[in-house]
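The values are calculated or read from the model by the stated rules, or taken from the named source; none is laboratory data. All values reported here derive from a predicted model rather than from experimental measurement. Counting neighbours? That spans all protein chains shown, and the Cβs are built from the backbone with ideal geometry, glycine included.
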Amino acid sequence: MGLMSGRKGLVLGIANDRSIAWAITEWLHREGAEIGFTHLPDTGDRPKNQNKVAKLVEPLGAKFLMPCDVCNDSHIEAVMTRAGETFGRIDFLVHSVAFAPPDDLTGPTYACSRKGFGLAMEISAYSLLAVAGAAKKQQILSDSASLLTLTYFGGEEVIPGYNLMGICKAALECGVRYLASELGPDGVRVNAISAGPVRTISAMGVGDFKQMRDLYEGVAPLRRNITADEVGKAGLFLLSDLASGITGEVLHVDCGFSTMGAPPADFAKGSVAAV
Ligand SMILES: NC(=O)c1ccc[n+]([C@@H]2O[C@H](COP(=O)([O-])OP(=O)(O)OC[C@H]3O[C@@H](n4cnc5c(N)ncnc54)[C@H](O)[C@@H]3O)[C@@H](O)[C@H]2O)c1
């Protein structure tokens, strides 16, 4: 019997097989979970996003796959209704969603537009509250449900290049703590994983990814970068009963990078331009 046998839930945020949500899904599936999925709605004639995600999740026996733009309350409500009809109540929810307009993300934070800031915050931070709120309103959260979101260290300290998304992640992490406090009396846990750099579509839009990876290899106590699979395993842990006493937590899965206050002695001077 797997760790997630008999457990039912939702995964939001798979774009392709590099997505962190996919790495978590693989572990959830391996451990026996039953899962419903969403994809970013398609805009053109061809169902490109839907097809890409369907190809991944159908072989896993996905309970459903439906479009959901987290900016649209009726989409979120429809997902929760479907989850209620399919599962009754859900035991877990993965929120692995973020976006910022490239022009607002790549410049300094003082130059980001009012509109871009609003959209980035809405998709990357508010949506966790919206999704949790819709699930609570429709009374589909089981009395030991676990919600999980994904964040990055740039929400705690300044990581040059992470810029606007760092501000969004600070809000998201604070949202995790408030949700944990508000939903805790129902037995519901809310946590985040703060992952090191993983090569995904979203990561490509943030700063210089190669430089970031080199920095982790030189500075992190384990002297390497994480793999998506390691984030997947940690996600499984937080979503399972193994983490039944953990809520309001930001778990760093970053080979220890965030514990370092300065580069280690063996870090070659000048090997990474940013340091
Ligand atoms: N890749 C990394 O290095 C890294 C590190 C730490 C945290 N994270 C976080 O992990 C999460 C997942 O990102 P990823 O790296 O797997 O990239 P990804 O691009 O695979 O996933 C981002 C997802 O957000 C979805 N999305 C964007 N706008 C949306 C909207 N309006 N409605 C619904 N969905 C929307 C996309 O469709 C995509 O599935 C993000 O929160 C990201 O900030 C990533």
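Does Gly196 satisfy being within 16 Å of the ligand (Cβ to nearest atom), at pLDDT 95 or above and out of contact with any Gly (no Cβ under 8 Å at 6 or more places or on another chain)? Quick ask: steps written out before the conclusion?
Numbers: within 16 Å of the ligand (Cβ to nearest atom): yes; at pLDDT 95 or above: yes; out of contact with any Gly (no Cβ under 8 Å at 6 or more places or on another chain): yes.
Here the answer is yes, as Gly196 does meet what is asked.
Taking Met204, is it within 11 Å of the ligand (Cβ to nearest atom) and free of Cβ contacts under 8 Å to residues at least 12 places away in the same chain?
Here the answer is yes, as Met204 does meet what is asked.
Being in a loop (DSSP other than H, G, I, E, B) and closer than 25 Å to Val97 by Cβ is the filter here, so list the residues in the range 205-224 that pass it.
Correct list: Gly205, Val206, Gly207, Asp208.
Does Tyr162 satisfy being at negative phi, modelled with pLDDT under 95 and either of a type in the set (D, E, K, R) or in contact with a helix residue (DSSP H, G or I) (Cβ under 6 Å, 6 or more places away or on another chain) (or both)?
On the way: at negative phi: yes; modelled with pLDDT under 95: yes; either of a type in the set (D, E, K, R) or in contact with a helix residue (DSSP H, G or I) (Cβ under 6 Å, 6 or more places away or on another chain) (or both): yes.
Yes; evaluated as a whole, the condition is true for this residue.
Determine which single condition Ala100 fails, assuming it passes every other condition in (1) crowded, with 23+ Cβ neighbours inside 10 Å; (2) aliphatic (A, V, I, L, M); (3) more than 13 Å from the ligand (Cβ to nearest atom); (4) over 13 Å from the mean Cα position of the chain (by Cα).
(3)
Identify the residue in the range 162-186 that is farther than 29 Å from Lys210 by Cα and under 14 Å from the mean Cα position of the chain (by Cα) and, among all such residues, is surrounded by the most Cβ atoms within 10 Å (Cβ to Cβ).
Only one residue tops the list, namely Val176.
Within the range 1-87, which helices (runs of 4 or more DSSP H) (wholly inside it) include 3 or more residues that are within 9 Å of the ligand (Cβ to nearest atom)?
Details: elements: 20-30, 48-57, 73-87.
The qualifying helices (runs of 4 or more DSSP H) are 20-30.
Looking at the range 83-112, which of its residues are at pLDDT below 95 and β-branched (Val, Ile, Thr)?
Within the range 83-112, Thr106 is the sole residue that qualifies.
Counting just the residues of the range 214-228 that are within 13 Å of the ligand (Cβ to nearest atom) and over 18 Å from Asn163 (Cβ atoms), which one comes out surrounded by the most Cβ atoms within 10 Å (Cβ to Cβ)?
Within the range 214-228, the first condition is being within 13 Å of the ligand (Cβ to nearest atom), and the residues that meet it are 215-216, 225-228.
Now drop any that are not over 18 Å from Asn163 (Cβ atoms), which leaves 216, 225-228.
On the way: Tyr216: 20, Asn225: 20, Ile226: 22, Thr227: 14, Ala228: 20.
The selected residue is Ile226.
Tell me which residues, restricted to the range 187-200, are of a type in the set (Ser, Thr, Tyr) and either assigned to a strand (DSSP E or B) or more than 18 Å from the chain's Cα centre (by Cα) (or both). Steps first, please.
So in the range 187-200, the residues of a type in the set (Ser, Thr, Tyr) come out as 194, 200.
Within the range 187-200, Ser194 is the sole residue that qualifies.
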